[in-house]
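The values are calculated or read from the model by the stated rules, or taken from the named source; none is laboratory data. Just so we're clear, the structure is a prediction, and the values are computed from it rather than from any experiment. Cβ placement follows ideal geometry from the backbone for every residue including glycine, while neighbour counts extend to all protein chains displayed.
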Amino acid sequence: MDLIRREPYHALSGIQSSINRLFEDNFPYLNLNAPMNLFSQGASFPVDIKDTREAVLIKADLPGMNKEDIKISLADNVLTIRGERKKEEKEEGTDYVRVERSYGSFSRSFTVDVPVKEEEMRARYNGGILEITLPKEKASRRKVTNIDIQ
């Protein structure tokens, strides 16, 4: 008779690993041991996306930015918002007690799954909020073609 080695908790280690990945992927700011620096770590900025009958509306919180430092592009149904927050020059004779504001490059992309009128897309940046309007193209009727079986 052969002895079979059992590891009763082996299956649980896989579950624990999956749960850890779930939290790391969806809640990067929960890592309390790391310094909070969202933009330089590549974490996302808060965004609201509203799908109306006429357009897709996007609002992104990007406080303290200059509109010249924000770039928006749409390519192959992927909308990308990227930019860079530049670090302020250090003043002579002052010491910072605390630095919590983040600096560096950031980028976030979204799939736009409806046809849009590219010539009518608009963006506005005011008061730290970026608003993007993507007017929808009228839905074209899909032609149904029957195929005969031979």
Any residue at all in the range 117-124 that's touching a residue at least 60 places away in the same chain (Cβ under 8 Å), of a type outside the set (Gly, Ala, Ser) and surrounded by 10 or more Cβ atoms within 10 Å (Cβ to Cβ)?
no
For residues that are surrounded by 11 or more Cβ atoms within 10 Å (Cβ to Cβ) and either basic (Lys, Arg) or assigned to a strand (DSSP E or B) (or both), tally how many sit in the range 52-85.
20
Here are 148, 113: which of them is modelled with pLDDT under 90 and under 17 Å from residue 76 (Cα atoms)?
113
Breaking point among (1) surrounded by fewer than 12 Cβ atoms within 10 Å (Cβ to Cβ); (2) more than 18 Å from the chain's Cα centre (by Cα); (3) of a type outside the set (Asp, Glu), for residue 114:
(1)
Unique match (being assigned to a loop (DSSP other than H, G, I, E, B) and within 20 Å of the chain's Cα centre (by Cα)) among 107, 102
102
Exception for residue 43 within (1) assigned to a strand (DSSP E or B); (2) at pLDDT below 70; (3) among the small types (Gly, Ala, Ser) falls at (1)
From 70, 58, grab the single residue that is at pLDDT 90 or above and under 12 Å from the mean Cα position of the chain (by Cα).
58
